[in-house]
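The values are calculated or read from the model by the stated rules, or taken from the named source; none is laboratory data. Owing to the predicted nature of the structure, the values given are computational and were not obtained by experimental measurement. Glycine gets a Cβ as well: all are built from the backbone with ideal geometry, and neighbour counts include every protein chain shown. Surface areas here come from the heavy atoms of the whole protein model, side chains and all, with no ligands, DNA or RNA. Shrake-Rupley method; radii C 1.70, N 1.55, O 1.52, S 1.80 Å.
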Amino acid sequence: MSRFEDPIQFVIKKKIGDVDIAYSDLIEISQGGPEVGSLSINGKIVEGRYGGPAICKDEFVYVPAHVKKFLGTGFKLARINANTLEVEYLSKIKDLIFLDKIEGNRIYFFEDMSKTIYSHYEL
């Protein structure tokens, strides 16, 4: 992932290994906030709304999924199989998921734009 990408500005079409990722119909969920939209992997639309930037490892694409919560919306870390488009939600709802990197069997992300709240999830 480019160090210049964040949940507000990210590359909307990119190829990572054998996986083509493209976002469309992006909208800003709040003024100055993250953008979410439709996601396609290898030309096939994935059900739901997703933010960026995305990270790939093996046959999986990791992205923040935009979900509804009791009052308002939030994000869950989603793992999408690039071959089957099966979506698995890995985390609880967070206000923001700003993906950073995958090292070993962990995916690291920030929970704020200032990069002060650092979390990880065991893959």
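Couple of notes before you dig in:
- Backbone phi angles across region 107-120, fed through the Karplus curve with coefficients 6.51, -1.76 and 1.60 (θ = phi - 60°), yield HN-Hα couplings of 10, 9, 8, 9, 9, 8, 5, 6, 6, 9, 9, 9, 9, 8 Hz in residue order; Gly and Pro are listed as x.
- With the largest listed first and rounded to whole Å, the semi-axes of the equivalent ellipsoid of region 13-122 from the Cα gyration tensor are 20, 17, 13.
- Over the chain, accessible surface divided per residue gives 56 Å², non-protein components excluded, 1.4 Å probe.
- Evaluating 6.51 cos²θ - 1.76 cosθ + 1.60 at θ = phi - 60° for every residue in region 80-89, the Karplus couplings come out as 10, 6, 5, 8, 9, 6, 5, 9, 10, 8 Hz, glycine and proline recorded as x.
- Euclidean distance of C-alpha centroids, region 75-123 and region 3-23, integer Å: 15 Å
- Cα-based Lys proximity count in region 13-122, under 15 Å, for pairs eight or more positions apart or on separate chains: 15
- Remark: accessible surface ordering of Ser40, Ser114 (largest first) is Ser114, Ser40, probe radius 1.4 Å.
- Among 115-122, 69-76, the order from most to least packed when residues are scored by Cβ within 10 Å on average: 69-76, 115-122
- A cut-off of 5 Å between modelled amide H atoms, ignoring neighbours fewer than 5 places along the same chain, links Asp20 with Asn42.
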